[in-house]
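Contents: one structure, followed by commentary.
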Amino acid sequence: MFISEAHAQATGGGGGGFGGFEQILPLILIFVVFYFLLIRPQQKKMREHREMLGGVKRGDRVVTGGGIIGLVTKVIGDNEVQVEIAENVRVRVAKSTISNILARGEPVKGAKDDDSTEKPLLESKSSDGPVSSGGGGLLGSLFGFGKKKE
C-alpha cells in the first residue's frame, strides 16, 4: 500500500578494464609500504648485528642484552664468549646476547687467556688522580669541563 517496491538495478558492463586488480591494488600498496618501512630496515639491522658478533674478539668491551658491561677474555667457539664483569669474576655468555661493542681492544700478545692486563678506559692515573680521558664532548668544551690546560 504505502510501501513501494524496490527493484534491483541491473549491473552494467561500464566498469574499468582492470577487473579485480582495482580491489587488490590497495593490498599491494600496503605490502610495499610495510616492506620499505619495516621489513627491509629490520633485515639490515640484523645483518649488521651478525657482522658485529662475528668480529667479537678478546679484549673487546661489550654490553650484553641484560645491560652487563664486561671485557671479553676468551672466545669459546662460534656461539660463546667468556666475559669478565668484575675483577676475577668471569661468566660465559652466548654471543647472540651481546647487544653492543663499546670499545675494540687489542689482545695482549703472549699472555694467557686467564690473565687480564686491561686498564679502565675512562680513567687514567696522573699526578692529579683519576682524570677523564675524554675531551668532555661539546658541552664540556662550551662550559669548560674539558681537559686542563697547563
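Close Cβ contacts (under 6 Å, 6 or more residues apart or on different chains) running from residues in region 36-61 that are on the phi > 0 side of the Ramachandran plot to residues that are charged (D, E, K, R) comprise G59/E106. Could you tell me whether V72 is at pLDDT 85 or above and outside any helix (DSSP H, G or I)? In short, yes.
The values are calculated or read from the model by the stated rules, or taken from the named source; none is laboratory data. This one's a predicted model, so the numbers in the text were calculated from it and none came from an experiment. Neighbour counts run over all protein chains shown; Cβ positions are idealised from the backbone, glycine included.
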